[in-house]
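Colleague: Take a look at this one; I'll ask things after.
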Amino acid sequence: MIRAETKIRVRYGETDQMGYAYYGIYAQYYEVGRVEAIRKLGFSYKEVEQRGIFLPVIDFSVNYRKPAYYDDELTIITSIKELPRGVRIPFEYECYNSANELLNTGKVTLASVDKNTGKLCQMPDWLVQAFTPFFSK
């Protein structure tokens, strides 16, 4: 399993009139966590793209439980719980405030797309091999 923990502080411009972190901002928070989870593979998201693979989001869901507020420090826990195969990489998220209250959970699935053709493609061996050590017992 891959697990990354990322701290993010809610900025004023990310809140709505009620003072809550705007519900749509969690897509960006999750992206920050996802980039850090990929970095644990030994390379950056940018390097994946430079090697010819785009990883667009093909599915996104959030289950909101409690709001976050302006200036709250959030902890985003990003997990990849199964070895990615084929064209999909599933991520799971938990978002906590500084009191360790669970604010929301989410799921995001990325797809492997050939940068040159724009079409779905099997994940290249170098990418699959980078994931493998995290899932061997």
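No value in this document is a laboratory result; all are computed from the given coordinates. As the structure is a computational prediction, the values presented were derived from the model and not from experiment. Heads up, the Cβs are rebuilt from the backbone with ideal geometry, glycines too, and the neighbour counts pull from every protein chain shown.
Colleague: Report the net charge of residues surrounding residue 70, where surrounding means a beta-carbon distance below 14 angstrom and charges are Lys +1, Arg +1, Asp -1, Glu -1.
Modeller: Around residue 70, the charge tally is -3.
Colleague: Another question about this same structure. So for the stretch 10-137, considering every pair of alpha-carbon atoms, how many percent are separated by more than 17 Å? Display every interim value, and only then the final one.
Modeller: Values: 4893 of 8128 pairs.
So the pairs more than 17 Å apart make up 60 percent of the total in the stretch 10-137.
Colleague: OK, next. Convert each backbone phi in the stretch 10-17 into a coupling constant with the Karplus relation 6.51 cos²θ - 1.76 cosθ + 1.60 (shift: θ = phi - 60°), then list the ³J(HN,Hα) values in order as whole Hz, x for Gly and Pro.
Modeller: Each residue's phi maps through the Karplus curve to give 5, 8, 4, x, 9, 9, 9, 4 Hz.
Colleague: In percent, how large is the relative contact order of the chain, given Cα pairs closer than 8 Å and 6 or more residues apart? Don't jump to the answer; show the numbers that get you there.
Modeller: Working: 259 pairs, mean separation 39.8, N = 137.
Here the relative contact order equals 29 percent.
Colleague: Next question. Could you give the dipole magnitude of the chain about its Cα centre, charging the beta-carbon of Lys and Arg +1 and that of Asp and Glu -1, in debye to the nearest 20?
Modeller: Details: 18 positive and 17 negative charges, 91 e Å.
Its charge dipole is roughly 440 debye.
Colleague: So, one more: Which residues in the stretch 53-75 have a backbone N closer than 12 Å to a point placed 7 Å from the Cα of residue 107 along the Cα-to-Cβ line?
Modeller: 59-63
Colleague: Residues with beta-carbon under 15 Å from that of residue 10, excluding residue 10: net charge, scoring Lys, Arg +1 and Asp, Glu -1?
Modeller: Values: positive: 7, 9, 11, 66; negative: 14, 16, 71, 72, 73, 101.
Residues close to residue 10 contribute a combined charge of -2.
Colleague: Need one number: nm distance between label points at residue 7 and residue 98, each 7 Å from Cα along Cα→Cβ, rounded to one decimal.
Modeller: With each label placed 7 Å out from Cα toward Cβ, I get 1.0 nm.
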